[in-house]
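J.: Here you go, one structure.
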Amino acid sequence: MAILHKEIEDILTQIPTKIESVAIITGAGISQESGIPTFRGADGLWKQYKPEELATPYAFRKDPKLVWEWYEMRRQIIKKANPNPAHYTLVEMEEFFENFLLVTQNVDGLHEKAGSKNIIEIHGNIWRARCTNCNHKEFLNTPLQEIPPRCINCNSLMRPDVLWFGENYDVETLSIVQEFFQKVDLLFVIGSSGQVSVPVYLAKEAHLNGAIVIEINPDFSSYSHFADFILRYKAAESLPVLWKYLKEYLQKN
Ligand code: OAD
């Protein structure tokens, strides 16, 4: 841990004293210490399936019950999970900076549970379901009464209101993120492998527009290629320390 403190002190010698806007991209890694398996980690498998085989429109068309059973298993894990110190640190950061945007790839809702407000869930939310016919959206708790659930309006199949592989991002949401990222001073990328290209592209664009990018991830990711600084630590153990130092630094200068 002494090394972590030293690494953070080194970072602070290289960043400006005036930071006006901050953005965050989070991935499954930030919730790992809350007990939620990451997608591509060893514990991301369910039965014999990889997430990439279930989170698709094709899998849902073929076997909606199987896909919902996978989501139910995940929803049960997530229901028991609580935010960890990394989630709470982001709430403190949001309170400190006037311009702050949290973009999460996670569907677990833990940022909201922690108290973050300005959140964009670019991959949706596992607690919401959406009708495949009339688009009616509804909060569905776990356990579900029936699997797969049906729409209360038109009795068609409901699907999880999340983005699946092969589906398009919401264009308006992306443009809000892009606009913010064009002028952001500091971007933290926390706990994402970067296997999904759109968030990586957004971060790269921010970097090209002058943002300083700090990555927190115990392992190499697609963001590591262009990150200005990298902390190879778990989020819950390193982000609170980084924030303590950064806040003192900004208040002092
Ligand atoms: P992945 O499972 O691909 O990557 C998780 C990342 O978290 C890895 O790079 C790990 O090294 C890192 N990690 C693990 N434990 C950590 C910890 N305690 N602290 C910090 N980092 C840690 O998850 P994502 O990158 O979020 O998309 O995956 C992106 C998207 O792919 C997901 O949102 C989902 C998935 O398919 C959709 O559902 C559309």
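The values are calculated or read from the model by the stated rules, or taken from the named source; none is laboratory data. No experiment lies behind these values; they were computed from the predicted model shown. No Cβ is skipped: glycine too gets one built from the backbone with ideal geometry, and neighbour counts run over all protein chains shown. Side chains are part of the model used for accessible areas, which takes the heavy atoms of the whole protein and leaves out ligands, DNA and RNA. Shrake-Rupley method; radii C 1.70, N 1.55, O 1.52, S 1.80 Å.
J.: Would you please give the residues with an amide H less than 5 Å from that of Arg150, counting only those at least 5 places away or on a separate chain, with H modeled from the backbone geometry?
T.: It is Met158, by chain and number.
J.: Can you tell me the 0 to 90 degree angle between the C-alpha axis of helix 171-182 and the longest principal axis of the chain, rounded to 10?
T.: The angle comes out at about 10 degrees.
J.: Please list, in chain and number order, the residues 5+ apart from Gly124 or on another chain whose amide H is under 5 Å from its amide H, with Hs placed from the backbone.
T.: Placed amide hydrogens put Leu163 under 5 Å from Gly124.
J.: Roughly how compact is the stretch 78-163, stated as its Cα Rg over 2.2 N^0.38 Å to two decimals?
T.: Taking the Cα Rg and dividing by 2.2 N^0.38 Å, one obtains 1.28.
J.: In whole percent, and with a 1.4 Å probe on the protein chains, what portion of the accessible area of the stretch 58-134 is carbon and sulfur?
T.: 47
J.: Can you give the direction-averaged projected area of the convex hull of the alpha-carbon atoms in the chain, in nm²?
T.: 13.6
J.: While we're here: What ³J(HN,Hα) values, in whole Hz, does the Karplus curve 6.51 cos²θ - 1.76 cosθ + 1.60 give for the stretch 107-113 when θ = phi - 60°, with x put for Gly and Pro?
T.: With coefficients 6.51, -1.76 and 1.60, one gets 9, 7, x, 6, 5, 5, 4 Hz.
J.: Output needed for the stretch 184-253: three equivalent-ellipsoid semi-axes, defined as square roots of 5 times the C-alpha gyration tensor eigenvalues, in descending order, whole Å.
T.: Each semi-axis is the square root of five times an eigenvalue, giving 21, 16, 8 Å.
J.: Consider all pairwise Cα distances in the stretch 20-108 and report the whole-number % of them above 21 Å.
T.: 42
J.: Quick check: Cα centre of the stretch 65-99 to Cα centre of the stretch 119-159, how many Å?
T.: 18
J.: Indicate, rounded to the nearest 5 percent, the antiparallel portion of the DSSP beta bridges found entirely in the chain.
T.: 30
J.: Given an 8 Å cut-off on Cα distances and at least 6 residues of separation, report the relative contact order of the chain as a percent.
T.: Taking the mean separation of contacting Cα pairs over the length of the chain, I get 24 percent.
J.: Considering amide H positions built from the backbone, and no H for Pro or chain starts, which residues 5 or more places from Val213, or on another chain, come under 5 Å of its amide H?
T.: Placed amide hydrogens put Leu187, Asp228, Phe229 under 5 Å from Val213.
J.: May I ask for the net charge around Ala235, where only other residues with Cβ less than 11 Å from the Cβ of Ala235 are counted and Lys, Arg are +1 while Asp, Glu are -1?
T.: That sum, taken over residues with Cβ under 11 Å, equals -2.
J.: Also, I was wondering about something else. Just to confirm, what accessible area per residue do you get for the stretch 57-104 at 1.4 Å probe, in whole Å²?
T.: Value returned for the stretch 57-104: 48 Å² of accessible area per residue.
J.: Taking the stretch 211-251, how much of its Cα-Cα pair set, in percent, is spaced more than 14 angstrom apart?
T.: 50
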